[in-house]
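What follows is a set of notes on a single structure, which appears directly below.
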Amino acid sequence: MATIPPTASAPASKPSAPSAKPDPRISTVRPAAAWTAAGSYPDIAYEKADGIAKITIDRPECRNAFRPQTVQSMRMALQDA
């Protein structure tokens, strides 16, 4: 039977040098946006923050089912966005 040679121990690793500046794409956490109501619609919630528009279907009584009025509300909100 062949014998298996013992594995060589790994050389001690050098401590990594600290980088001058952290990469902002990885280490920066952006605070949450301050959403403000941008319109009043019967079937949706329409909010804006920092140049972003957010439309939320708000019909919990019927599991957010669409109806023609919901589509019309979304259309008006998207035109404003």
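The values are calculated or read from the model by the stated rules, or taken from the named source; none is laboratory data. Keep in mind the model is a prediction, meaning the values are calculated, not measured. With ideal geometry, Cβ positions are generated from the backbone for all residues, glycine too; neighbour counts draw on all protein chains shown. Areas reflect the complete protein model, heavy atoms only, side chains present, ligands, DNA and RNA absent. Shrake-Rupley method; radii C 1.70, N 1.55, O 1.52, S 1.80 Å.
A few comments on the model shown:
- Qualifying residue in region 56-66 (condition: within 22 Å of A81 (Cα to Cα) and outside any loop (DSSP other than H, G, I, E, B)): yes
- Being modelled with pLDDT of 90 or more and either part of a strand (DSSP E or B) or of a type outside the set (S, T, Y) (or both) is a property that K14 lacks.
- Of all residues making up region 53-70, the number that are open to solvent by 80 Å² or more (accessible area, probe 1.4 Å) and not basic (K, R): 6
- Set side by side, the residues A2, A37, A32 differ, and just one is modelled with pLDDT of 90 or more and either touching a His at 6+ places or on another chain (Cβ under 7 Å) or open to solvent by 70 Å² or more (accessible area, probe 1.4 Å) (or both), which is A37.
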